[in-house]
Structures are given as C-alpha cells and as structure tokens.
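The structure appears below as structure tokens.
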Amino acid sequence: MSPFELDPRLAADSIFVADGPLSQLRLMDDERFPWLVLVPRVAGTDELIDLDDDSRQLLLAEIRHAGNLLRACAPCDKLNIGALGNIVRQLHVHVVARTDSDAAWPGPVWGAGSRERYQPQTRERRLDRLKSELQAGFWRPA
C-alpha cells in the first residue's frame, strides 16, 4: 500500500494544527467560520466505510475531541459535522462551529459567499488558541 499523502486541495485550503492518533487536525482557511477538518492518515481511503472497525471508532473519538476543542475556542449554537467527498475524494471530516448569526446560517457553509482567508496575525492567534486547548496526550501539535 502506498504511504499517506494529503490531497493538494486540502493542503491548499487548510492549515496543519496537530496529529491525532489517526488523523491530521487542520484549520480550514476561512476566517468566517471556526472550522476544523480531520483527515485520517490512511492511504487510499475515500469513504468512512473503508476504515476498519478500530479506525472508525478512533475517528469518532477524534471528531468528539475536535468538537469539544471548537466549543472551547469558539462558542457556538450548533456543531455541523460532515464528510461529503464529492469534490475531494480523500476521506476527511468537517467539524464546523455555527452560530445563528453566521454568514451562512441556517444553510451549509459550503458555497456560502466567498472564502475569507485568515490574515497572518489572526491565523496565528487562532492556531495558538487551538493549540493551547488541545488535550495533552491525544493531539501532537506542530
């Protein structure tokens, strides 16, 4: 089996935060929404059902940790969790903190207006806050 490689579109659209037991934790580069992406480091995996039972359980634990991380860093009314893969086939899971006053509410964040990439200082502050809230022993920050 070939080694894990991050899809170039995910690499271009997100910023590495930390490694979990199974997945890379990445910050989506859109300042409008607190938005994390989990990308399992399993080569050739497109669907959740492609993971073995242990990996699926581990991914669910990572989703829970990512959701709690977002709640600690960006209070929200609702967490959206999705794994569509229609454009980027590589298995990845979006965890988005939503408020009823955000730019896309109540619709999905995908395709809602134009992305606003983080300005360097804002990006560094967001990354520092996320890393300060990471659960020790679970995530390995960059």
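The values are calculated or read from the model by the stated rules, or taken from the named source; none is laboratory data. Bear in mind that the values here come from a model prediction, so they are computed numbers and not experimental data. Heads up, the Cβs are rebuilt from the backbone with ideal geometry, glycines too, and the neighbour counts pull from every protein chain shown. With ligands, DNA and RNA removed, areas are computed over all heavy atoms of the protein, side chains included. Shrake-Rupley method; radii C 1.70, N 1.55, O 1.52, S 1.80 Å.
Identify the single condition in (1) farther than 19 Å from ARG115 by Cβ; (2) open to solvent by less than 30 Å² (accessible area, probe 1.4 Å) that TRP35 does not satisfy, given that it satisfies every other one.
Every listed condition holds for TRP35 apart from (1).
Can you name every residue in segment 77-107 that is over 26 Å from LEU6 (Cα atoms), hydrophobic (A, V, I, L, M, F, W, C) and open to solvent by 40 Å² or more (accessible area, probe 1.4 Å)?
Selection gives ALA103, TRP105.
From the residues in segment 68-96 that are closer than 19 Å to ARG140 by Cβ and not hydrophobic (A, V, I, L, M, F, W, C), which one is nearest to the chain's Cα centre (by Cα)?
So, considering only residues that are closer than 19 Å to ARG140 by Cβ and not hydrophobic (A, V, I, L, M, F, W, C), the one nearest to the chain's Cα centre (by Cα) is HIS92.
Within segment 28-50, does at least one residue satisfy the condition of being part of a loop (DSSP other than H, G, I, E, B) and of a type in the set (Lys, Arg)?
Yes, there is a match, as at least one residue in segment 28-50 is part of a loop (DSSP other than H, G, I, E, B) and of a type in the set (Lys, Arg).
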